[in-house]
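The next block holds one structure in the form of C-alpha cells; read it before the comments.
The values are calculated or read from the model by the stated rules, or taken from the named source; none is laboratory data. Everything numeric in this text was worked out from a predicted model, so none of it was measured. Here Cβ is always computed from backbone atoms with ideal geometry, including for glycine, and neighbour counts include all displayed protein chains.
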C-alpha cells in the first residue's frame, strides 16, 4: 500500500510540475503585479521566478534556455545580490530588485516561447501590446508639467490625469521616462508598418511572386489590408504620444536612428550615394556654423535661441552637475555600487547639488550607464554594456541569414515565409529600438528595475529567440543537421 501511495503521489507531483511548466508564462504574469509593486510582506514572491526554473528542470527541460547573453546576465544578477549588502535599506531598494527579478523571468520566458515561430509571433504581439498599454497609461498618467514646445500646450493642458499615487510615480509619470519606454517599441512598429504597406506593392517578378505565395493564407487580401491599417493606426498613436512627451533626448535618438535604419535597408549602391550626400550636407552644415560662430556661442551660453525652451541648453548645466555627482558616487562605491534605487537618497546627503533645489527628488543620474554603475558597481556596468554588445552581435548574425536563399522547409516561418522584406524589417525594428534607447540613455535613463524596463527584457528575448531560429537555419544550410530531424524536434516541442 505504501508503494502504491508513493507512486500515486509521484504521478500527481509530475502532473502538477508538467502543468505548471506548460503554463509558466501565466504564472509569471500572475506574479508580475507583486514584483512590480513589491513590499517586505510579499517578498516571498521573488522566489516565483527561480521556482519556475526548478519546475522546468523537474520536467526534463533546460531550466534556462542557452543564449549568448547568459554569462552577462549571471554577472549582472550576482551584482544584484551584492547590491543587497551595499544598500542602506533593502526595503527601499526592493522595487528595483523586484523589477530585475521580473525582467530576468520575462527574458527567459520569451526566449523559450520565441524558439518556435508561432511563439515568437505571439511574443512579438505581447511586446507591442504592452507598448500600446504603456502609451495609453502615459496619456492619462503623465505629469505634463513642462512645456518646451508651446505648440503642444493646447493638447497637454487638456489631457486629464487619472493615474496618480503609484509606487515610484506618486505625482504621475515623468514625460522623459515615458519617451524612453516608447522608443523601445516605436522603431519596430514603424518597420512593421512599412513592410505591411509595401508588401502588396512589390513588383510582379519571380521573387515577389514567391514571397506572396509563401505569405500565410490568413494574411492575404482584405485581412492584410485590415492588419496594415491597424498597425499604421497604432504606430501613429504611439508616435503622437512620443512627441507629446517633448523629450529632446528621445527626439535626437529617434532622429539619428531612423536615417541609420534607412541606410541599412537601402541597396548597396544607393547606400553609398546616400552616405556621400550626408557627408556633403555635413560639410555644408559645418561651414555654415563656422560663419555663425557668434550665434552658436550665444545659444550655448543661454542667449538668443535659449529664450525658446525647446532649443535651450541651459538645463544641460544641471545634467553636467548631476553627472559629476554620479562619478563621485562611482569612485566611492566602485565594486559594489550604492545599491539599487539608493542614489536618489544618498546623493543629497553625500554629494549635494548647487544648481537644483535640495528638496527636489531626482530618481536617477540621467544617464543609464552611470546609473547602472551606481546601482550595481562597475562590474554591473560591464554586464549592462555586455547586454547591448551581445544583442547587436545576434542581430548582425540574424541579418546575415536573410541574405541567403532559405532551404525548402516550412520550419522557419520567420526566415522563410516572411523572408527578405518582413524578416529584415523585424531585424531592423528590433535593432532600431535597441540603438535608439542606447542613444537616449546618454542623457536620460529608464533605470534598471524600473517598471517600463520589462520592454527591454522582452526586446532582448525576441532577439535571442530569433537568433536561435537563425542558428537552426544555418545548421540546415550547412547540412550539419538534417532538416527532417529539426522538424521532428520542433513537433516534439
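For residue 450, are the conditions met, namely being under 30 Å from residue 21 (Cα atoms), surrounded by fewer than 21 Cβ atoms within 10 Å (Cβ to Cβ), modelled with pLDDT under 95 and in contact with a helix residue (DSSP H, G or I) (Cβ under 8 Å, 6 or more places away or on another chain)?
Details: under 30 Å from residue 21 (Cα atoms): yes; surrounded by fewer than 21 Cβ atoms within 10 Å (Cβ to Cβ): no; modelled with pLDDT under 95: yes; in contact with a helix residue (DSSP H, G or I) (Cβ under 8 Å, 6 or more places away or on another chain): yes.
No, not satisfied.
Go through (1) at pLDDT below 85; (2) buried (at least 20 other Cβ atoms within 10 Å of the Cβ) and name the single condition residue 434 misses.
Only one criterion in (1) at pLDDT below 85; (2) buried (at least 20 other Cβ atoms within 10 Å of the Cβ) is unmet by residue 434, namely (1).
Output the residues belonging to segment 52-65 that are within 27 Å of residue 84 (Cα to Cα) and surrounded by fewer than 16 Cβ atoms within 10 Å (Cβ to Cβ). Give the derivation first.
Keep residues of segment 52-65 that are within 27 Å of residue 84 (Cα to Cα), which gives 52-55, 63-65.
Listed by number, the residues that qualify are 54, 63.
Exactly one condition in (1) touching a helix residue (DSSP H, G or I) at 6+ places or on another chain (Cβ under 7 Å); (2) assigned to a helix (DSSP H, G or I); (3) modelled with pLDDT of 85 or more is not met by residue 26; state its number.
Going through (1) touching a helix residue (DSSP H, G or I) at 6+ places or on another chain (Cβ under 7 Å); (2) assigned to a helix (DSSP H, G or I); (3) modelled with pLDDT of 85 or more one by one, residue 26 breaks only (1).
Report yes if residue 338 is at pLDDT 90 or above, under 24 Å from residue 180 (Cα atoms) and either crowded, with 22+ Cβ neighbours inside 10 Å or in contact with a helix residue (DSSP H, G or I) (Cβ under 9 Å, 6 or more places away or on another chain) (or both), otherwise no.
Working: at pLDDT 90 or above: yes; under 24 Å from residue 180 (Cα atoms): yes; either crowded, with 22+ Cβ neighbours inside 10 Å or in contact with a helix residue (DSSP H, G or I) (Cβ under 9 Å, 6 or more places away or on another chain) (or both): yes.
Yes; evaluated as a whole, the condition is true for this residue.
Quick one: is residue 151 more than 19 Å from the chain's Cα centre (by Cα), farther than 30 Å from residue 423 by Cβ and either assigned to a loop (DSSP other than H, G, I, E, B) or at pLDDT below 90 (or both)?
Numbers: more than 19 Å from the chain's Cα centre (by Cα): yes; farther than 30 Å from residue 423 by Cβ: yes; either assigned to a loop (DSSP other than H, G, I, E, B) or at pLDDT below 90 (or both): yes.
Answer is yes for this residue.
Residue under question is residue 87, and the condition is that it be at pLDDT 85 or above, surrounded by 16 or more Cβ atoms within 10 Å (Cβ to Cβ) and over 28 Å from residue 389 (Cα atoms); does it hold? Explain how you work it out, then say what you get.
Numbers: at pLDDT 85 or above: yes; surrounded by 16 or more Cβ atoms within 10 Å (Cβ to Cβ): yes; over 28 Å from residue 389 (Cα atoms): yes.
Answer is yes for this residue.
Of the conditions (1) over 13 Å from residue 452 (Cα atoms); (2) out of contact with any helix residue (DSSP H, G or I) (no Cβ under 6 Å at 6 or more places or on another chain), residue 130 fails just one. Which one is it?
Residue 130 satisfies every listed condition except (1).
Do you know which of the residues in segment 275-313 that are modelled with pLDDT under 60 and outside any helix (DSSP H, G or I) is nearest to residue 247 (Cα to Cα)?
Filtering segment 275-313 for residues modelled with pLDDT under 60 gives 295-313.
Still in the running and outside any helix (DSSP H, G or I): 302-303, 308-313.
On the way: 302: 19, 303: 21, 308: 15, 309: 12, 310: 9, 311: 12, 312: 13, 313: 13 Å.
Here the answer is 310.
All but one of (1) closer than 22 Å to residue 451 by Cα; (2) part of a helix (DSSP H, G or I) hold for residue 38; state the number of the condition that does not hold.
(2)
With the requirement that a residue be surrounded by 14 or more Cβ atoms within 10 Å (Cβ to Cβ) and assigned to a helix (DSSP H, G or I), what does segment 242-255 give you? Full working, then the answer.
Quick first cut of segment 242-255, residues surrounded by 14 or more Cβ atoms within 10 Å (Cβ to Cβ) only: 242-254.
If the condition is that a residue be surrounded by 14 or more Cβ atoms within 10 Å (Cβ to Cβ) and assigned to a helix (DSSP H, G or I), then 242, 243, 244, 248, 249, 250, 251, 252, 253, 254 are the ones that fit.
Go over the candidates 72, 16 one by one and state the one that is closer than 30 Å to residue 469 by Cβ and either under 21 Å from the mean Cα position of the chain (by Cα) or assigned to a helix (DSSP H, G or I) (or both).
Being closer than 30 Å to residue 469 by Cβ and either under 21 Å from the mean Cα position of the chain (by Cα) or assigned to a helix (DSSP H, G or I) (or both) holds for just one of 72, 16, which is 72.
Go through segment 103-143 and count every residue that is without any contact (Cβ under 8 Å) to a residue 60 or more places away in the chain and not in a helix (DSSP H, G or I).
Here the count works out to 1.
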